[in-house]
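Colleague: Take this structure first; my questions come after.
Just so you know, all these numbers are worked out from the coordinates, no wet-lab data involved. What you are looking at is a predicted structure, and each value in this text was computed from that prediction instead of being measured. Cβ sites come from the backbone with ideal geometry, for glycine too, and all protein chains shown count toward neighbours.
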Amino acid sequence: MSAYRHILVGAHGTATSAVAEEVAARLANQLGASLTTIHVGHDPAAGAGILNEAAERARRLGVEAETAQLRGEIAQTIMTAATERLADLLVIGDHGIGSGNRFAMGGIPDQVAHESPIDILVVRTSDPQNRPPGYRRVLIGTDGSLTAHQAARHGHALAQALGAAISLIFVGDPLIGDIVLRDTAARLGGEEMNLIVDKGNPAVKISKAAGDHDLVVVGSKGMTGSRRYIQRVVPNRVAHEAPRDVLIAKTVGRQFFDLRPGEGAVVEVEGERVAAYLHDDGSTYLVSARCTHMGCVVGWNSRARTWDCPCHGSRYDYAGAVINGPAARPLPPVGS
């Protein structure tokens, strides 16, 4: 998958907002992405001034930002704007998200972090003078699940676009962790990565390891619905406790229409796991996600554009045809 193409950030005229705006503009410049800066408020004159300052701030970083002044409930308006403007990354400051507020609900950044329809970057704003100059070291958390693989692909694509070094971390049984991390690294293309296996509380260990990196990436599993109020949900705690910026990759509830051209993913279709691929020419392919060898669920290999089985190494092309065994039969089209 490619890195982000359209970034949206909110501006509200404060020093903490300025930090998030600068991060968004710098990313847009590095990725060649478009940038939209919005202000939600009911004072047109004040809003115009805030947006003019934000646009000038982006301009100094080499980006011409589109600006928009909107009205409504702030958190919901930000998320609606992200959807309507086809943004694929939403950047917010962490004011209201931190160790002192770590499980308090209702703050605008916290609400957006839980409910955002797209990937969200939570920017640490309390100490701008000591922020790293860029994302040179990226830490990606994984537990080997399908959603974790999705999140890893998002983090990997961003790290590659920025030329950043990648670390993968698994917290749990060391033997399982070694298998999961090697499999994840292989699915991401096999280049050299730092593999970290640790034991203990996953959120605590990931947050601690984040201190040696510039950005930590986690999936959004557990961030929505009733589970969002449970303290042990890992991405929730990492978003509040990690000392570095946190990218929460949207993975839960992914549908076929979320795919970009040239991208594949395992999605749910009427309760069935389906390997879905959207070709560059717009044609679509939907095949069973169950490997025909032993029934394991395949995963998408974004570099090779193949479906790879993590159990015994079978590989299929994007349309389900066998490339490598031991599987002998192709992945059947859905409905066959």
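Colleague: Cα centroid distance between the stretch 274-336 and the stretch 129-175, in Å?
Modeller: After rounding, the separation between the Cα centres reads 25 Å.
Colleague: Here's another thing I want to ask about it. Ordered by residue, what ³J(HN,Hα) values in Hz, to whole numbers, does the stretch 195-210 give under the Karplus form 6.51 cos²θ - 1.76 cosθ + 1.60, where θ = phi - 60° and Gly and Pro are x?
Modeller: Computed from phi, the couplings for the stretch 195-210 are 9, 10, 10, 9, 10, x, 6, x, 5, 5, 5, 5, 4, 5, 5, 4 Hz.
Colleague: Quick check: the angle from helix 15-31's long axis to the longest principal axis of the chain, C-alpha only, nearest 10 degrees?
Modeller: Its long axis makes an angle of about 40 degrees.
Colleague: Follow-up question, since we're still on this one. Suppose every Lys and Arg Cβ carries +1 and every Asp and Glu Cβ carries -1, with no other charges. What dipole size does the chain come out with about its Cα centre, to the nearest 20 debye?
Modeller: 580
Colleague: Between Ala276, Pro310, Pro261, whose Cα lies farthest towards the positive end of the dipole of the stretch 261-324 when Lys and Arg beta carbons carry +1 and Asp and Glu beta carbons carry -1, centred on the Cα centre?
Modeller: Pro310
Colleague: How would Arg303, Arg290 line up from fewest to most surrounding beta-carbon atoms within 10 angstrom?
Modeller: Arg303, Arg290
Colleague: A further question on this structure: Around Asp214, what is the net charge, scoring Lys/Arg as +1 and Asp/Glu as -1 over all other residues with Cβ under 13 Å from its Cβ?
Modeller: +4
Colleague: When a footprinting reagent is the concern and you count Cβ atoms within 10 Å, what order do Val216, Val234, Val266 take, fewest first?
Modeller: With the fewest neighbours first, Val216, Val234, Val266 line up as Val266, Val234, Val216.
Colleague: Report, in degrees rounded to the nearest 10, the 0 to 90 angle that the Cα long axis of helix 44-60 makes with the longest principal axis of the chain.
Modeller: Roughly 60 degrees, rounded to the nearest 10.
Colleague: Between (1) 125; (2) 135; (3) 143, which entry matches volume of the Cα convex hull per residue in Å³ as derived from the coordinates of this structure?
Modeller: The value matching this structure is (2).
Colleague: Also, quick follow-up: Report the relative contact order of the chain, percent, no decimals, based on alpha-carbon pairs under 8 angstrom and at least 6 residues apart.
Modeller: Relative contact order of the chain: 13 percent.
Colleague: Using alpha carbons only, how many degrees (0 to 90, rounded to 10) separate the axis of helix 146-162 from the longest principal axis of the chain?
Modeller: It is inclined by approximately 60 degrees.
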